[in-house]
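Below is one structure, written out as structure tokens; comments come after it.
The values are calculated or read from the model by the stated rules, or taken from the named source; none is laboratory data. Note that the coordinates shown come from a computational prediction; the quantities given were computed from them, not determined experimentally. When we count neighbours, we look across all protein chains shown, and the Cβ atoms used for this are built from the backbone with ideal geometry, even at glycine. With ligands, DNA and RNA removed, areas are computed over all heavy atoms of the protein, side chains included. Shrake-Rupley method; radii C 1.70, N 1.55, O 1.52, S 1.80 Å.
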Amino acid sequence: MFSQEVEDFMPTTISNYESAACTLGSYTNGNIRLFELIANSGEAREALAINSALSETSTEYTRSSTPATTTSSTTLFKSSNLFDLDIMSQNFMTGDPLSLDSIRSVLGRLEDTIIFGLIERAQFAHNPRIYQRGAFKELEQLGFSGSWLEWFLKETEIFHAKARRYTSPDQYPFTPASELPKPVLPPLHFPDILFPNDINANKSILSFYTRAIVPRITRRATLALAAHKRQNGIYGDGEFEDDGNYGSAATIDVEVLQAISKRVHYGKFVSESKFISNPAAFIPHIQSRDREALEALITKPEVERKLLVRLQKKVDTYSPDITADGDSPTVNGANGYKKPNGGKIDTDGVVELYESYIIPLTKEVEVDYLLRRLDGMDEEMIERLRNKDF
Ligand SMILES: O=C(O)C(=O)C[C@]1(C(=O)O)C=C[C@@H](O)C=C1
């Protein structure tokens, strides 16, 4: 009976929030049910195995303070109360949440999400109207004064907030928190991995994405659209930029923005990891508010170089249209017009996005986080931290 319960639960994974918002409730309930069962059975070994399985299955919304790979049943039961419902929120990431390797592997996975999102967005024309505030009188009639994209963000985030997305330390809304509803479920109690902070870089992300990235990655689709319209007798202003796919374009924009936001705010985990491994190196620069020195400490040029090379390879692999008989000379664009098969996206545009925006902003978040890292601590606490006495 016990293992049947486990099997019933196992297929319910939430490794990707975007596709699993609705699963969250049943997952959580399943989790409660499981741990009640474990508590009743008193089977320590099976409980440990399940803890390990849960760590594997739910990487995004819960985290483990007792990594499956390193705990024995003795330490597990000594160091944490497995039967406490808080365990639900302790599988946030597999392994040590502050290991630079595991943090960087999350950043690597997000590269794929971002590249595929950009490839999708590049199928549509720029559609600048959707980024202009007040461009849709229909939204004004609904009492909304922002842009079409901001409306999409708000409506999406209202739903996700109800599923307590923004209670997770790696999730940040674009909409002001005051305009979002409370979760319908009771809060999860996340272990304190990050130092308390209110850093949210989403305004900057939205600005560079809409002003620099979208025009760049949609250039080919926009030009192909203009040529197609001219062939159909549409000339001048009407031929350019707008293919009317406002809903499709904004839906993808939301997905890409959420992935970039998660990536950039992961800088907080990177920063905490670097700080905690050598507090004495950071403390003087935090105290003297020296941004440059802090940036120098967190910057790893070789990591950045390898990332950009890897990124280029990934885009060059994912971008071309691959057919069983070899590459096709043309492919169908969003409105049926033909575009050359030069790849689905401009590789340099994606690399530039990382080089000029995503990495620099991640570093800014890292430094901002460090600058707050000693807030509220007295001299004695700072001294203990300096000596790694924690
Ligand atoms: O991996 C790190 O150490 C990070 O700090 C992340 C990151 C990045 O944004 O990818 C930022 C700064 C470093 O120079 C290298 C990489």
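Observations
- When each of the peptides 183-192, 307-316, 116-125 is scored by how many other beta carbons lie within 10 Å of its residues on average, the order from highest to lowest is 116-125, 307-316, 183-192.
- Stretch gain in nm, segment Ala212-Ser288, where the contour uses 0.36 nm per residue and the Cα spacing is subtracted: 23.9 nm
- The simple spin-label model puts a point 7 Å past each Cα toward its Cβ; for Ile322 and Asn232 those points are separated by 3.3 nm.
- Of the solvent-accessible surface of the range 199-280, computed with a 1.4 Å probe and all protein chains present, 50% belongs to carbon and sulfur.
- The range 96-219: Lys pairs at Cα distance under 19 angstrom, eight or more positions apart or on different chains: 5
- Put Ser261, Ser277 in order of accessible area, highest first, and with a 1.4 Å probe you get Ser277, Ser261.
- With each label modelled as a point 7 angstrom along the Cα→C-beta vector, the Met377-Asp389 pair spans 1.3 nm.
- Heavy-atom accessible area, probed at 1.4 angstrom with all protein chains present, ranks Tyr172, Tyr354 as Tyr172, Tyr354, highest first.
- Taking each residue as 0.36 nm, the span from Arg310 to Leu185 lengthens on full extension beyond its C-alpha to C-alpha distance by 41.0 nm.
- With a 1.4 Å probe rolled over the protein heavy atoms of all chains, the accessible area of Tyr357, Tyr209, Tyr246 falls in the order Tyr357, Tyr246, Tyr209, largest first.
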